[in-house]
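Everything on this sheet refers to the single structure shown next.
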Amino acid sequence: MSRGRDERAAGSSRRALAFIVVLVLIDTLSFGLVIPVLPTLVMRLGNVPLSEASAIGGWLVMAFAIAQFLASPILGGLSDRHGRRPVLLLSSAGHAVAFLIAAFAPNLWVLLIGRVISGLTGASFSTAYAYIADVTPPERRAQNFGLVGVAFGLGFMLGPAMGGLLGSIDHRLPFIAAAAVSLVNFALGWFVLPESLRADLRRPFDLARSNPFAVFGRLKTLGGPLAVLASVHFLWWFAIQAQHSIWPYYTQYRFDWSPQEVGLSLGFVGLLSVLVNWFLVKRAVKAFGEARTLRFGLFMGASAMALYALADIPGILVAGILLGSLGGLAPSSLQALATSETAANAQGELQGALNALTSIAIVAGPPLYAQLFANSSGDAPFIRFPGLPFALAATLAGSAFLLSLKVKPRGGGGPREARPPALEALG
């Protein structure tokens, strides 16, 4: 009888995991749809050339990130109190509203409002990680976090490719499609997604613990592995903002790529991400352990950024994409290591804290990279080196790799050593 209950529980966890992976896929697809046409929309709304549009695009991303930084710890704490499902529903609804605003924005100020709304409700990825931690035993988390990477890769593969095609018809059409996809995500969550956080693991919401500016003090107090992992997480996310924020501008400037070509290149990135997360994450962690897999992924990511910086022909850029795909080994390994240091009823708080660090990286990164690109390209550059943003990104990713050397390796497939949950000790 006990065996039957265990089998039913395992089946329920598998279904819940499948639902959350589909939600992440749809969410990523909606964001990927608009990437190829965003430069065109900014240039037309602002009546500015490409180099200035890249700088404006950086400020738009910064507005999104500031809103997300302020809201993420609050949403993480609310998910620990009320469950993951309501927060995921709020995120999907917020994205739908934001994309509709962008689709019909008459000027850049209205577009900015849409980005702020999206940032305030944008907790889908951090809540998805908390959801997986709820339904997955520690020894399987790296593998299941890898499935989120698969979903992200699929969405990033299909979204930009579809967005490039739709954008060739009308540059606002991808935003309408993204809003529709977000509404599908909301419906899926409303009718299908079960709640993952058991009632006995919920805890009262504490506004003081959800103060985004308290993240730094809390992580400093934690010390040890979790503080190191949080620092690696921040440096990595700061580095990859170069690719996230200036890729369409950089490839259009260097190689005169059209929105369709930009979309296809990002689709190729997504395809490789799917392959790495589907086939390599589980095997790498089993063979080498989470810490070593993390280091390898960070090293490959840093190498890719260096190639992007030096790419003067598309072939070098493609080589960077191939190397960079192995950087996809890093996030799942890092998440598995961090969640193993955190109590079951504090996973939402952990993901809220990590998401706040991500938001800080997004606040600072895109404007910085956009300004570096604008001042190293264009008609009168300060320095003629359009790959400068990626050179900085390579330095940051390399720093994350060096810092990860402080993380103690654990056996690949063997049992973890028992450790007290670090985050719970602060409660």
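Tabulated results
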{"quantity": "Qualifying residue in region 28-40 (condition: modelled with pLDDT of 75 or more, surrounded by fewer than 20 Cβ atoms within 10 Å (Cβ to Cβ) and either among the basic types (K, R) or within 30 Å of T339 (Cβ to Cβ) (or both))", "calculated": "no"}
{"quantity": "Hey, R15 within 30 Å of P138 (Cα to Cα), modelled with pLDDT under 80 and within 24 Å of the chain's Cα centre (by Cα) or not", "calculated": "yes"}
{"quantity": "Pairs, first buried (at least 19 other Cβ atoms within 10 Å of the Cβ) and at pLDDT 95 or above in region 395-413, second of a type in the set (V, I, T) and assigned to a helix (DSSP H, G or I), C-beta under 7 Å, six or more apart", "calculated": "A400/V232"}
{"quantity": "Yes/no for V87 being among the hydrophobic types (A, V, I, L, M, F, W, C), modelled with pLDDT of 80 or more and not in a helix (DSSP H, G or I)", "calculated": "no"}
{"quantity": "Filter result (over 15 Å from the mean Cα position of the chain (by Cα) and either closer than 22 Å to G324 by Cβ or among the aromatic types (F, W, Y) (or both)) within region 133-158", "calculated": "A142, Q143, L158"}
{"quantity": "Search result, residues across region 294-316 that are farther than 17 Å from A239 by Cβ and in a helix (DSSP H, G or I)", "calculated": "P314, G315, I316"}
{"quantity": "From G320, G352, residue being in a helix (DSSP H, G or I) and modelled with pLDDT of 90 or more", "calculated": "G320"}
{"quantity": "Test: residue in region 131-145 that is assigned to a helix (DSSP H, G or I), farther than 27 Å from F19 by Cβ, in contact with a helix residue (DSSP H, G or I) (Cβ under 9 Å, 6 or more places away or on another chain) and not basic (K, R)", "calculated": "no"}
{"quantity": "Only one of A291, A287 that is part of a helix (DSSP H, G or I) and touching a Leu at 6+ places or on another chain (Cβ under 9 Å)", "calculated": "A291"}
{"quantity": "Test: residue in region 104-117 that is closer than 30 Å to L329 by Cβ, at pLDDT below 85 and assigned to a helix (DSSP H, G or I)", "calculated": "no"}
{"quantity": "G122 touching a helix residue (DSSP H, G or I) at 6+ places or on another chain (Cβ under 9 Å), assigned to a loop (DSSP other than H, G, I, E, B), within 26 Å of G324 (Cβ to Cβ) and of a type outside the set (A, V, I, L, M, F, W, C)", "calculated": "yes"}
{"quantity": "Where a residue in region 38-50 is more than 16 Å from A374 (Cβ to Cβ) and its partner, wherever it lies, is exposed (fewer than 15 other Cβ atoms within 10 Å of the Cβ), with Cβ under 7 Å and at least six apart", "calculated": "L45/N107"}
{"quantity": "Positions within region 33-75 being part of a loop (DSSP other than H, G, I, E, B) and either within 15 Å of Q241 (Cα to Cα) or among the β-branched types (V, I, T) (or both), in sequence order", "calculated": "I35, V37, V48"}
{"quantity": "Test: residue in region 118-132 that is crowded, with 20+ Cβ neighbours inside 10 Å and more than 20 Å from the chain's Cα centre (by Cα)", "calculated": "no"}
{"quantity": "From the options T339, T293, residue that is under 30 Å from P204 (Cα atoms), among the β-branched types (V, I, T) and surrounded by 23 or more Cβ atoms within 10 Å (Cβ to Cβ)", "calculated": "T339"}
{"quantity": "Condition broken by G327, with the remaining ones in (1) crowded, with 20+ Cβ neighbours inside 10 Å; (2) at pLDDT below 90; (3) not polar (S, T, N, Q) satisfied", "calculated": "(2)"}
{"quantity": "Boolean, L197 is outside any helix (DSSP H, G or I), crowded, with 23+ Cβ neighbours inside 10 Å and either without any contact (Cβ under 8 Å) to a residue 40 or more places away in the chain or of a type in the set (A, V, I, L, M, F, W, C) (or both)", "calculated": "yes"}
{"quantity": "Hits in region 330-347 (condition: modelled with pLDDT of 85 or more and hydroxyl-bearing (S, T, Y))", "calculated": "S333"}
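Okay, residues lined up against (1) among the basic types (K, R); (2) modelled with pLDDT of 80 or more; (3) surrounded by 23 or more Cβ atoms within 10 Å (Cβ to Cβ); (4) touching a Cys at 6+ places or on another chain (Cβ under 7 Å):
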position: A208; (1), (2), (3), (4): no, no, no, no
position: P212; (1), (2), (3), (4): no, no, no, no
position: A242; (1), (2), (3), (4): no, yes, yes, no
position: Q252; (1), (2), (3), (4): no, yes, no, no
position: V262; (1), (2), (3), (4): no, yes, yes, no
position: K286; (1), (2), (3), (4): yes, yes, no, no
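The values are calculated or read from the model by the stated rules, or taken from the named source; none is laboratory data. Because the structure is a prediction, the values reported are computed rather than measured. As a convention, Cβ positions derive from the backbone with ideal geometry for all residues, glycine included, and neighbour counts pool all protein chains shown.
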